[in-house]
Amino acid sequence: MKKMKFLGLALVCGLLLVGCNNKKESTEQTSVETTEEPAATFEEGVLTTDNFTLTIKDKEIIKSPTTEGYGLYITYEFTNTSPENILPRDTIASCIQIEQTTETSLVILDNNYDYFDAFGGIEDTDSYNEQVDKYNLGLDELLPDKTIEVFEAYSLEDTTSPISIIAMFDGSEIGKQEIKLEDLEKPKAETNETVSANNQTSQIEESEPVQENYTEPAVQEESYEELKQRTLNSTPSERANWSNKEWEAFGMALSENGLALDDNGNIISQEEHDQNVQEETVSEEPTNLTDFVNKYGMSPAAYKMQYEGMSEEEALRSTPDEMKTSGEIQLGFSKYGI
């Protein structure tokens, strides 16, 4: 009897030891899980993930002469740390959100500000093309272990309300960077106007202005409406060295005024253009049976029945004999007396 009690006690102790051991393993596993590194971080303007690193390098306020309002121009540095190719611009759009808090609203800014002409004006073709090339570079796939700069321009509600750069990962916010717009570099055009105004005020106050302190007033840039009107008054030879912006304005002006270009580059009405096209189309129609069959795969009479809804008799009567096949001539004579 005592032996049975001893065995029972040993069994109970064994179960307790197993339970403790399982509890210890569970605790260790929980500890390991809680110390895992986060999948993505956003600190001091740097978004780091397993696949890429995105650094906010520069921010400035810009103004396009052909676009209303101001833009926030951000320079990103994008490094592909994954083994696969990555589309930088699409990736930035999915993980960066720009918000502006105005007096009444929280606005998510769109990255659709037209900035190509914001750095050199309408006439600066080199600057315009440089910005186009920079934009296109972000659309290409980036190879592993490569780094490029990507540029985005966001449409601002105003130039005073604060900005928040929100970093997103897997649909959740993981960090935020606050920006005060008054701390950023302002558009050059705005700065020049301020300097010019200060110089003019100084000259008025001085009884004998000093020549070296005089600053030439800023040249007024051509508005988009003025640009369209100028292009409408152009000749074909003057368009040889036009910028992309001038051609864009010219096309808009032609469309708005119901105008078009003829084959020699002269401006004509849309009605004249349509008439010329119609006459060219008619003149290109085949003038003999062989050419017609080669072009349409059937005779003129068959074409009229199939596509113009004519009856057999109507098609044969309206088609001259030289455009009929021998079978159609025989059919017309025997059946309809043509």
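Of note:
- Every residue from segment 87-108 that is aliphatic (A, V, I, L, M) and surrounded by 19 or more Cβ atoms within 10 Å (Cβ to Cβ): Ile92, Ile96, Ile98
- If only residues of segment 153-174 that are of a type in the set (Ser, Thr, Tyr) and part of a strand (DSSP E or B) are counted, the one that is surrounded by the most Cβ atoms within 10 Å (Cβ to Cβ) is Tyr154.
- Any hit, segment 217-224, residues being at pLDDT below 75 and either surrounded by 12 or more Cβ atoms within 10 Å (Cβ to Cβ) or farther than 29 Å from Tyr128 by Cβ (or both): yes
- Tally of residues being at negative phi and more than 19 Å from the chain's Cα centre (by Cα) across segment 118-160: 14
- Count of residues meeting criterion [within 22 Å of the chain's Cα centre (by Cα), in contact (Cβ under 8 Å) with a residue 40 or more places away in the chain and assigned to a strand (DSSP E or B)] in segment 35-78: 15
- Some residue of segment 175-191 being part of a loop (DSSP other than H, G, I, E, B), in contact with a helix residue (DSSP H, G or I) (Cβ under 9 Å, 6 or more places away or on another chain) and either touching a residue at least 12 places away in the same chain (Cβ under 8 Å) or not assigned by TED's automatic domain parsing to the domain that holds Asp110 (or both): yes
- Total residues in segment 103-145, condition part of a strand (DSSP E or B) and touching a residue at least 40 places away in the same chain (Cβ under 8 Å): 2
- A count restricted to segment 89-102 and to residues that are over 17 Å from the mean Cα position of the chain (by Cα) and assigned to a helix (DSSP H, G or I) stands at 1.
The values are calculated or read from the model by the stated rules, or taken from the named source; none is laboratory data. Quick caveat: nothing in here was measured; it's all calculated off a predicted structure. Counting neighbours? That spans all protein chains shown, and the Cβs are built from the backbone with ideal geometry, glycine included.
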